[in-house]
Each structure stands twice: as structure tokens, then as C-alpha cells.
Amino acid sequence: MILSLFDQFESPWYIGIPLIAIALVSPWLFLPTPTPRWLSNRLVSLQGWFVTRATHQIMLPLSPAGHKWALLFTSLMVYLISLNLLGLLPYTFTPTTQLSMSLGLAVPLWLATVLIGMRNQPSHSLAHLLPEGTPTPLIPVLIIIETISLFIRPLALGVRLTANLTAGHLLIQLVSTASFVLLSVMPTVAVLTSALLLMLTLLEVAVAMIQAYVFVLLLSLYLQENV
């Protein structure tokens, strides 16, 4: 029986338990926690430095009114990075390859930024739908286009995250399958393919971290327009 390449993205079940639920909870079990000692170990210090730098970069475009979102954005970024990296391990499942999962994160957060803008400064938020100096005949068309662009943002957020991770997983599976098949037929080519597989894996690790950062950074930019 020939299985589809996309079977790896189906949420598996074991003893009636969806493993996606375990995958969503597991990142919190592997994060290092601070110790009661005066000096933390190197892993906790590295994590603290990384979180501090990432938070600084995410909050950089925001005004002081938006800094109250720092804890939410930083926690979301660390959570997404953990999910994406754990999904690269063998016999694991990556929840962010599910579009429903990515949209479930993108839509509520995007909607929260829009509602905050409508509540705090409705005139300024609605002004984004019409650029200044627009000719009168083009006003209805531009309002429709900007409205569609506004509602496409959460879809673009979710699709970007899912598409990049899905493409990387598919490439790794294709190259690993080729390496396994060529091992007995053309060992030299199989070694070269394995080297390519190693480079793809390192690239996918970088993509997993960058996509989580981009996801949160775009949310901060959307929040910037509404605070």
C-alpha cells in the first residue's frame, strides 16, 4: 500500500487519545526552570538572554502602551519555537503544520489588536482604510481593497507558518527516502544525499525558529497600528 506524503501531517491517535494534545502540552515540560540558587546554570542563563533579546526586538516598534503585551508575545514565541523544534524529532508530530492550529492562534490575536484599536482610537484605526490624499472617485474602491487586506492578515499569518513548516518536512522526507533507496544501489550518491539531508535539517531548524519569530513580530506590527 502506497501512503501519501501528506500522511505525516495527520493528527495520530493512540488508545483513543489525540497525540496533538500531548504535543501541545509537551513544550512546557522541556523548558528549563530557574533554580533557587543565586547563580543559574548555563542553560537557564542562555534562555534568559535569548528571551530578553527577542522581547526587546519585538517590543521595539511598539509604543509604551503596547508593552503590556510583552509577556503574551514572548510566551507565544517561545511556545511556537518549542513546538516547531520538537516536531523535527523522529516519531513526533508538529501541530503547527495543521492550518487549523495556526489559524486558531492567528485569528484571535489579530482580532484582539483590531478591537483594541476600535475601542481606544476608532478614528485613527478607521483612517488606515483610506490613505490620505486619495482622489474622490477612488475612495470606495480603496476602502474595499483595504478592508479585504485587513481581513486577509490572519489568513496570511496562519498560512505562512503552516506552509513553511510543511514544505520543510516534505523536503526532509523526500530526501531521506531517496537516501534510503540509493544506499544499496549507489552508495556514493546516497552519502551525498545524506549530506544534503543534514543541511536541510539544519535549515529547517533555522526556519522553525525564524517563522515563530516572524509570526509574533507581525502581530506586534498589527498591534502598533492600533495603540
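Structure above, values below:
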quantity	calculated
Degrees between helix 70-86 axis and first principal axis of the chain (Cα, 0 to 90, nearest 10)	20
Under the Karplus curve 6.51 cos²θ - 1.76 cosθ + 1.60, θ = phi - 60°, whole-Hz ³J(HN,Hα) for the range 123-136, x wherever Gly or Pro sits	5, 5, 5, 6, 5, 5, 7, 9, x, 5, x, 6, x, 4
LEU43-LEU183 FRET efficiency (beta carbon distance; Förster radius 30 Å; 0.05 resolution)	0.25
Calculated FRET efficiency for the pair LEU218/LEU115, C-beta based, R₀ 25 Å, to 0.05	0.90
Accessible surface ranking that places the most exposed of GLU225, GLU132, GLU204 first, with a 1.4 angstrom probe	GLU132, GLU225, GLU204
Qualifying trypsin sites (Lys or Arg not before Pro) in the range 31-114, DSSP loop, other Cβ atoms within 10 Å at most 11	ARG37
0 to 90° range, to nearest 10: angle between helix 187-224 axis and the chain longest Cα axis	20
Normalised contact order of the range 7-226, rounded percent, pairs of Cα under 8 Å and 6 or more residues apart	27
On Cα atoms only, tilt of 99-120 relative to the major axis of the chain in degrees	20
By accessible area with a 1.4 Å probe, ligands and nucleic acids excluded, highest first: order of TRP69, TRP28	TRP28, TRP69
With DNA, RNA and ligands ignored, accessible area of MET118 (1.4 Å probe; Å², nearest 10)	80
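The values are calculated or read from the model by the stated rules, or taken from the named source; none is laboratory data. Bear in mind that the values here come from a model prediction, so they are computed numbers and not experimental data. Neighbour counts run over all protein chains shown; Cβ positions are idealised from the backbone, glycine included. Note: areas computed on protein heavy atoms with side chains; ligands, DNA, RNA excluded. Shrake-Rupley method; radii C 1.70, N 1.55, O 1.52, S 1.80 Å.
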